[in-house]
Amino acid sequence: MYIIKNGTIVDPANNIEGLGDIYVKENIICKVVMADSKDIPEGFENAEIIDAKGQIVMPGLIDVHSHFRDPGFEYKEDILTGAEAAKAGGYTSIVLMCNTKPVVDNVETLKYVLDKGKNTGIRIESCSAVTYGLKGEKLTDFEKMLEAGAIGFTDDGIPLMDEDMLREAFRKAGDYPVSLHEEDKTFIKENGINHGKASEYYGIYGSPREAEISLINRDIKIALEEGGVINVQHISSKEGVEIVRKAKSVPGNRVHAEATPQHFSLTEEAVIKKGTMAKLNPPFREESDRQAVIEGLRDGTIDIIATDHAPHAKEEKDKPITEAPSGILGLETAFALANMHLINESGLSVSKVVEKFTINPAKLYMLDRGTLTEGRKADITIADLNEKWIVKEYKSKSSNSPFTGEEMTGKIKLTMCDGKIVYRD
């Protein structure tokens, strides 16, 4: 039993933002009282008081794009260590990608992931692969994977190049999202490094924006024609943002889009300065692209903030820039980066930012979460927007991040999932 007192409750789903108290009993949000309540409801006399004065109290954060590398690559991360990173980042629900070994393209592997997730203290979900082995040759058994607990479909990391297969995937998925990695590899010579100032610095060709633009254009067109639910993953280009913006003006569209905290925080200058620690797909681009992503978040073109948490071992990232794998950690710094670059730097409201971490991801995957509504499961995150801290250590098994050693503003103070405190700073 808990009473969370004196905090600023931010619940975009219910259009609530103001001082109030939340009463939690037997994993349920029993009562939300706006303004400080002096009267303790019957049955809460012995409850633990959590003082959230000067802090915000919001629904537990939801990430729709994480890699926990389990099964097959547990030396980078596993489901248990990934969950610890998630808790420290304020997350109570994680949707895992399926590029594991074996790939999550069969019921047995999906069951392994979901069963192991039940031992983490938070809610672990998983997508199914769109195609067997992520090879783009044959669609997985969508019906069987949904019955086994998959909540969506993706070949994340690998674009679907067969248009007819993508059309059929949208039809088979129905109301479930198909999340797409939008990089046409025929344009790319060296991935993870923007074709521009960064590629010139390293004396290579790199990854041009056309790789992203071409596939976003094609895939949104197909989704609109088929009536499919499309989730455009980790947008990095201003042109990509504009394509999504136009698509969202089409009546009846079911278009969603993600932005990562790293893409609204850094530019290609980071890969020049930080090397492989800032190598990721799609790559950091130019300042105009970063600003376009922020504007897309502001006007609702981009409706979800997703981390693309991608752990790699130190020896892998220590390789030369063209040989090291792409990807950086995301879960433990995501909220602070959003606070710094969206709220403080760009003037987005706290509520607008919180909705992109909570109710919007929940809606995409049709999850009964992302809100502080009375009677719902108590998934709650508390954060101090003003606390400064230095990124030093990670709960993740890996440490591949360009933000190591950087000062952050905004600290997760407590994460509660299903009425249990799973992280306390």
For segment 271-283, in order, what is each residue's ³J(HN,Hα) by Karplus, 6.51 cos²θ - 1.76 cosθ + 1.60 with θ = phi - 60°, in whole Hz (x at glycine and Pro)?
6, 5, 7, 9, x, 5, 5, 10, 8, 7, 10, x, x
Sketch the reach of a paramagnetic label on K352 as a point 7 Å from Cα along Cα-to-Cβ, and name the residues of segment 288-325 whose backbone nitrogen lies under 19 Å away.
288-306
Spin-label point model (7 Å from Cα, Cβ direction): what's the W389 to D51 distance in nm?
2.0 nm
Using θ = phi - 60° and Karplus 6.51 cos²θ - 1.76 cosθ + 1.60, couplings along segment 399-412 (whole Hz; Gly, Pro as x):
9, 7, 8, x, 9, 4, x, 8, 7, 10, 10, x, 10, 6
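Sort 381-388, 171-178, 306-313, 233-240 by packing, meaning the average of other beta carbons within 10 Å per residue, with the highest value first. Before the final figure, lay out the partial values.
Details: 381-388: 19.2, 171-178: 17.6, 306-313: 27.1, 233-240: 25.1.
For the peptides 381-388, 171-178, 306-313, 233-240, the packing ranking is 306-313, 233-240, 381-388, 171-178.
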Phi-derived 3J(HN,Hα) across segment 193-207 with the Karplus relation (6.51, -1.76, 1.60, θ = phi - 60°), rounded Hz, x for Gly and Pro, is 10, 4, 6, x, 4, 5, 5, 4, 4, 8, x, 10, 8, x, 10
In cubic angstrom, how much convex hull volume per residue do the alpha carbon atoms of the chain span?
124 Å³
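Excluding ligands, DNA and RNA, what is the solvent-accessible area per residue of segment 106-163 at a probe of 1.4 Å, expressed in Å²?
Working: 2610 Å² over 58 residues.
Roughly 45 Å² per residue, with all protein chains present.
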Per residue, what accessible area does segment 331-425 have, given a 1.4 Å probe and all protein chains present, in Å²?
38 Å²
What's the carbon and sulfur percent of segment 63-218's accessible surface, probe 1.4 angstrom, rounded to a whole number?
48 percent
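Relative contact order of segment 95-232: what whole-number percent is it, with Cα pairs under 8 angstrom and at least 6 residues apart?
Working: 241 pairs, mean separation 27.7, N = 138.
Over segment 95-232, the number comes to 20 percent.
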Between Y132 and E42, what is the label-point separation in nm under the 7 Å Cα-to-beta-carbon projection?
6.2 nm
What accessible area per residue comes out for segment 207-317, rounded to a whole number of Å², with a 1.4 Å probe?
30 Å²
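Normalised by the number of residues in segment 179-277, what is the relative contact order in percent for Cα pairs under 8 Å and 6+ residues apart? Write down the numbers at each step before the final one.
Values: 136 pairs, mean separation 27.8, N = 99.
Relative contact order comes out at 28 percent.
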Please state the relative contact order of segment 5-108 as a whole percent: Cα pairs under 8 Å, 6+ residues apart?
24 percent
Once every DSSP H run of n ≥ 4 in the chain is given -39500 (n - 2.57) and the sum is divided by its residues, what mean residue ellipticity at 222 nm do you get, rounded to the nearest 500 deg cm²/dmol?
-7500 deg cm²/dmol
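Of all chymotrypsin sites (Phe, Trp or Tyr not before Pro) in segment 184-213, which ones are in loop regions per DSSP and have a Cβ with at most 15 other Cβ atoms within 10 Å? Present the calculation step by step, with values, prior to reporting the outcome.
Working: sites: F187, Y201, Y202, Y205; in loops: Y205.
Filter output for segment 184-213: Y205.
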So which of K221/K352; K87/K314; K25/K111; K101/K274; K101/K319 end up more than 25 Å apart by C-alpha?
K221/K352; K25/K111; K101/K274
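In the chain, what percentage of the DSSP-assigned beta bridges are antiparallel, given to the nearest 5? Write down the numbers at each step before the final one.
Details: 32 of 59 bridges.
That works out to approximately 55 percent antiparallel.
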Once neighbouring chains are kept in place and the probe is 1.4 Å, which whole percent of the accessible area of segment 273-425 is contributed by carbon and sulfur?
46 percent
Burial ranking of peptide ranges 271-283, 82-94, 127-139 (average Cβ count within 10 Å, highest at the top):
82-94, 271-283, 127-139
What does the convex hull of the Cα atoms of segment 244-389 come to per residue, in Å³, rounded to a whole number?
149 Å³
Spin-label point model (7 Å from Cα, Cβ direction): what's the D418 to R171 distance in nm?
3.9 nm
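The values are calculated or read from the model by the stated rules, or taken from the named source; none is laboratory data. Worth saying up front: this structure is predicted, and the values here are computed from it rather than measured. Using ideal geometry, Cβ is built from the backbone for each residue, glycine included, and neighbour counts are taken over all protein chains shown. Note: accessible area is taken over every heavy atom of the protein model, side chains too, but ligands, DNA and RNA are not part of it. Shrake-Rupley method; radii C 1.70, N 1.55, O 1.52, S 1.80 Å.
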